[in-house]
Structures are given as C-alpha cells and as structure tokens.
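Colleague: Sharing a structure, written as structure tokens. Questions coming.
The values are calculated or read from the model by the stated rules, or taken from the named source; none is laboratory data. Every value quoted in this text rests on a predicted model; they were computed, and no experiment measured them. Virtual Cβ from ideal backbone geometry, glycine too; neighbours counted across all protein chains shown. Please note that ligands, DNA and RNA were not included when accessible areas were found on the heavy atoms of the full protein model with its side chains. Shrake-Rupley method; radii C 1.70, N 1.55, O 1.52, S 1.80 Å.
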Amino acid sequence: CGCNECPYMRLNTLEKMYWAMTNKTPEIKLAPQTQLAALEPIQKMLHMSGQ
C-alpha cells in the first residue's frame with residue numbers, strides 16, 4: 001500500500017483525528033441505498049478480522 005506516500009493521507013494528524021472523533025465533524029451524509037451498499041463490505045472486513 002502506498003497510502004503513506006499519498007499527499008492527502010499526509011494531511012491527517014493525530015490532533016485532527018482527535019478533533020474529528022471528539023466533535024463528530026465533519027459529518028458525512030449518505031443516501032440510505034449507499035449506506036446499505038457500504039455495509040456489506042464493512043461486515044465482511046469485520047468478519048475476516050475476527051470481530
């Protein structure tokens with residue numbers, strides 16, 4: 001994975017992550033059908049990780 005080479009990933013900091021988790025912003029709103037479509041791969045990843 002080249003994520004650590006991505007200029008956009010480098011914009012993330014621990015401070016920004018803390019702020020986002022604490023304030024729950026920015027909020028991302030998705031249509032219900034998009035939410036359902038995204039749920040399946042997330043559930044598969046959790047299942048594969050033993051969660």
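Colleague: Which of these values of volume of the Cα convex hull per residue in Å³ was calculated from the structure shown: (1) 100; (2) 140; (3) 76?
Modeller: The listed entry that was calculated here is (2).
Colleague: So how strong a dipole does the chain carry about its Cα centre when Lys and Arg Cβ are +1 and Asp and Glu Cβ are -1, to the nearest 20 debye?
Modeller: I would put it at about 60 debye.
Colleague: Rounded to the nearest percent, how much of the accessible area of the chain (1.4 Å probe, protein heavy atoms only) is carbon and sulfur?
Modeller: 65 percent
Colleague: I'd like the FRET efficiency for L11 and Q43, computed as 1/(1 + (r/R0)^6) with the beta carbon distance as r and R0 of 30 Å, rounded to 0.05.
Modeller: Computed FRET efficiency for L11 and Q43 comes out at 0.55.
Colleague: Starting at the first residue of region 30-46, write each ³J(HN,Hα) from the Karplus equation 6.51 cos²θ - 1.76 cosθ + 1.60 with θ = phi - 60°, in whole Hz, x for Gly and Pro.
Modeller: 10, 5, x, 5, 6, 4, 5, 5, 7, 5, 4, x, 5, 5, 5, 4, 5
Colleague: Can you compute 3J(HN,Hα) from phi for each residue in region 18-29, using the Karplus curve 6.51 cos²θ - 1.76 cosθ + 1.60 with θ = phi - 60°, rounded to whole Hz and x for Gly and Pro?
Modeller: With coefficients 6.51, -1.76 and 1.60, one gets 4, 4, 5, 5, 6, 9, 6, 9, x, 8, 10, 10 Hz.
Colleague: With every protein chain present, what is the per residue accessible area of the chain (1.4 Å probe, Å²)?
Modeller: 104 Å²
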